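Chemist: Sharing a structure with you now.
The values are calculated or read from the model by the stated rules, or taken from the named source; none is laboratory data. Remember, it's a predicted structure, so these values are computed and weren't measured experimentally. Cβ coordinates were reconstructed from backbone atoms using ideal geometry, including for glycine residues, and neighbour counts include every protein chain displayed. Protein only, heavy atoms only, side chains kept; ligands, DNA and RNA dropped before computing areas. Shrake-Rupley method; radii C 1.70, N 1.55, O 1.52, S 1.80 Å.
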Amino acid sequence: MEIERKFTIKRLPEELDKYPSRYIEQGYINALPVVRVRKEDDEYYLTYKGSGMMAREEYNLPLTKEAYYHLREKVDGKIISKRRYLIPLLNPAVQEGCRKPPADYSLTIELDVFDPPFAPLIMAEVEFGSKEAAEAFAPPDWFDEDVTYRQEYHNSYMALKT
């Protein structure tokens with residue numbers, strides 16, 4: 001189960017280059033259900049995602065490089081390319097000194113900086129262990145609008161829209 005919230009951002013965090021990053025290229029074979037092929041640095045995947053906006057089933061299956069490029073030829077719409085920065089974030093409930101740490105003691109912000117034709121779009125995603133943790137999340141001050149429930153900010157929609 002993937003449980004995530006998505007946000008636009010007000011500004012980039014300072015010293016962004018100090019965080020680990022990955023280069024991602026992905027394309028969509030189908031929209032409902034979402035079937036995606038992804039190259040993440042030198043790793044390749046076929047992903048199935050069920051319906052839903054914040055919470056949905058997700059299955060990642062490894063692909064060979066050859067299989068990825070074979071399936072990439074079959075994608076519909078545009079290929080999405082982006083640099084993903086992995087930024088650690090201590091759960092705000094822990095920072096406030098709660099007695100019992102939540103299940104999501106530490107979180108990772110996945111900050112996506114999109115290449116053309118989607119640039120200058122920059123989005124942040126945060127994945128959670130439960131819907132309750134996702135709903136209770138207080139985003140950092142450099143986050144802007146919560147776009148979790150806005151279809152136009154989902155990668156599959158962006159890639160396949162005409």
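Chemist: Within the stretch 44-59, how many residues turn out to be exposed (fewer than 14 other Cβ atoms within 10 Å of the Cβ) and of a type in the set (S, T, N, Q)?
Modeler: Number of matching residues: 1.
Chemist: Among what's in the stretch 11-43 and is farther than 18 Å from PRO88 by Cα and among the basic types (Lys, Arg), pick the residue that is surrounded by the most Cβ atoms within 10 Å (Cβ to Cβ).
Modeler: ARG36
Chemist: Is it the case that TYR69 is in a strand (DSSP E or B), farther than 26 Å from PRO120 by Cα, out of contact with any His (no Cβ under 8 Å at 6 or more places or on another chain) and open to solvent by 80 Å² or more (accessible area, probe 1.4 Å)? Walk me through how you get there before you give the answer.
Modeler: Details: in a strand (DSSP E or B): no; farther than 26 Å from PRO120 by Cα: yes; out of contact with any His (no Cβ under 8 Å at 6 or more places or on another chain): yes; open to solvent by 80 Å² or more (accessible area, probe 1.4 Å): yes.
In short, no.
Condition check ((1) free of Cβ contacts under 8 Å to residues at least 60 places away in the same chain; (2) β-branched (Val, Ile, Thr); (3) closer than 15 Å to GLU125 by Cα) across all residues:
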residue: PHE7; (1), (2), (3): no, no, yes
residue: LYS18; (1), (2), (3): yes, no, no
residue: ARG22; (1), (2), (3): no, no, yes
residue: ARG36; (1), (2), (3): no, no, no
residue: GLY52; (1), (2), (3): yes, no, no
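Chemist: I've got another one for you. Of the residues that make up the stretch 77-88, is at least one not small (Gly, Ala, Ser) and not in a strand (DSSP E or B)? Show your work before the answer.
Modeler: From the stretch 77-88, those not small (Gly, Ala, Ser) are 78-80, 82-88; that's our starting set.
Next, only the ones that are not in a strand (DSSP E or B) stay: none.
Scanning the stretch 77-88, I find no residue that is not small (Gly, Ala, Ser) and not in a strand (DSSP E or B), so the answer is no.
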